[in-house]
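**Student:** Questions regarding the structure given below will be posed in turn.
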Amino acid sequence: PDNCGSGGDDDDDDNNGGGCSPEGKDCYFCCRDLTISEYGDTVLSQVGNCGKDCYFGIAPDINGVKHSALYLLETYYVENGEEYGYDTGPLNVQGTDKNMFNRCY
């Protein structure tokens with residue numbers, strides 16, 4: 001991922017995520033908390049993913065929520081072994097562009 005969104009600060013120490021914009025187009029995670037997955041460049045993996053129901057070492061998203069076994073794909077995401085569309089599920093994506101893969105890649 002190249003950026004954390006226009007409101008983000010990737011150099012801060014609070015790990016609060018990417019920031020929000022009025023347009024709702026920012027990534028919910030800091031760049032340092034995401035990586036290109038071992039599954040290929042169409043999957044973003046959360047740094048520290050340690051398996052289902054594991055939150056050890058996981059940084060929270062912009063809303064302060066930790067997500068277990070999180071993978072962002074082009075058309076959906078996987079959290080804790082469950083698949084969700086970007087308009088549903090625990091990420092609770094707000095704004096006009098709900099696709100978190102596109103926001104973060």
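The values are calculated or read from the model by the stated rules, or taken from the named source; none is laboratory data. A quick note: this is a predicted structure, and the numbers were derived from the prediction, not measured. Note that we place each Cβ from the backbone using ideal geometry, even for glycine, and neighbour counts take in every protein chain shown. When the accessible area is computed, the model is the full protein with side chains, heavy atoms only, and any ligands, DNA or RNA have been set aside. Shrake-Rupley method; radii C 1.70, N 1.55, O 1.52, S 1.80 Å.
**Student:** Which residues, taken from region 65-80, are open to solvent by less than 60 Å² (accessible area, probe 1.4 Å) and more than 12 Å from the chain's Cα centre (by Cα)?
**Tutor:** The one that is open to solvent by less than 60 Å² (accessible area, probe 1.4 Å) and more than 12 Å from the chain's Cα centre (by Cα): Asn80.
**Student:** Check Asp61 against each of (1) open to solvent by 40 Å² or more (accessible area, probe 1.4 Å); (2) assigned to a loop (DSSP other than H, G, I, E, B); (3) closer than 19 Å to Asp97 by Cβ and name the one condition it does not meet.
**Tutor:** The failed condition is (1).
**Student:** Further, regarding this structure: Out of curiosity, is Gly85 free of Cβ contacts under 8 Å to residues at least 24 places away in the same chain, open to solvent by less than 30 Å² (accessible area, probe 1.4 Å) and either more than 17 Å from Leu34 (Cα to Cα) or of a type in the set (A, V, I, L, M) (or both)?
**Tutor:** Details: free of Cβ contacts under 8 Å to residues at least 24 places away in the same chain: yes; open to solvent by less than 30 Å² (accessible area, probe 1.4 Å): yes; either more than 17 Å from Leu34 (Cα to Cα) or of a type in the set (A, V, I, L, M) (or both): yes.
In short, yes.
**Student:** What residue, among those in region 68-94 that are part of a strand (DSSP E or B) and of a type outside the set (A, V, I, L, M), is nearest to Leu44 (Cα to Cα)? Before the answer, list the steps.
**Tutor:** Start the filter on region 68-94 by keeping residues that are part of a strand (DSSP E or B), which leaves 70-73, 77-79, 82-84.
Cutting the leftovers down to of a type outside the set (A, V, I, L, M) gives us 71, 77, 79, 82-84.
On the way: Tyr71: 6, Tyr77: 9, Glu79: 12, Glu82: 16, Glu83: 14, Tyr84: 15 Å.
Restricting to residues being part of a strand (DSSP E or B) and of a type outside the set (A, V, I, L, M), the top hit is Tyr71.
**Student:** Do we find that Asp97 is part of a loop (DSSP other than H, G, I, E, B), touching a Ser or Thr at 6+ places or on another chain (Cβ under 6 Å) and surrounded by fewer than 18 Cβ atoms within 10 Å (Cβ to Cβ) in this structure? Lay out the reasoning, then the answer.
**Tutor:** Details: part of a loop (DSSP other than H, G, I, E, B): yes; touching a Ser or Thr at 6+ places or on another chain (Cβ under 6 Å): no; surrounded by fewer than 18 Cβ atoms within 10 Å (Cβ to Cβ): yes.
It is false that Asp97 is part of a loop (DSSP other than H, G, I, E, B), touching a Ser or Thr at 6+ places or on another chain (Cβ under 6 Å) and surrounded by fewer than 18 Cβ atoms within 10 Å (Cβ to Cβ).
**Student:** Still on this structure, please answer the following. I want to confirm something. Restricting to region 30-58 and keeping residues that are part of a loop (DSSP other than H, G, I, E, B) and modelled with pLDDT under 90, which single residue is most open to solvent (accessible area, probe 1.4 Å)?
**Tutor:** At the first step, the residues of region 30-58 found to be part of a loop (DSSP other than H, G, I, E, B) are 30, 38-39, 47-58.
Those still in the list that are modelled with pLDDT under 90 too: 30, 38-39.
Working: Cys30: 0, Glu38: 135, Tyr39: 153 Å².
Checking each candidate, the answer is Tyr39.
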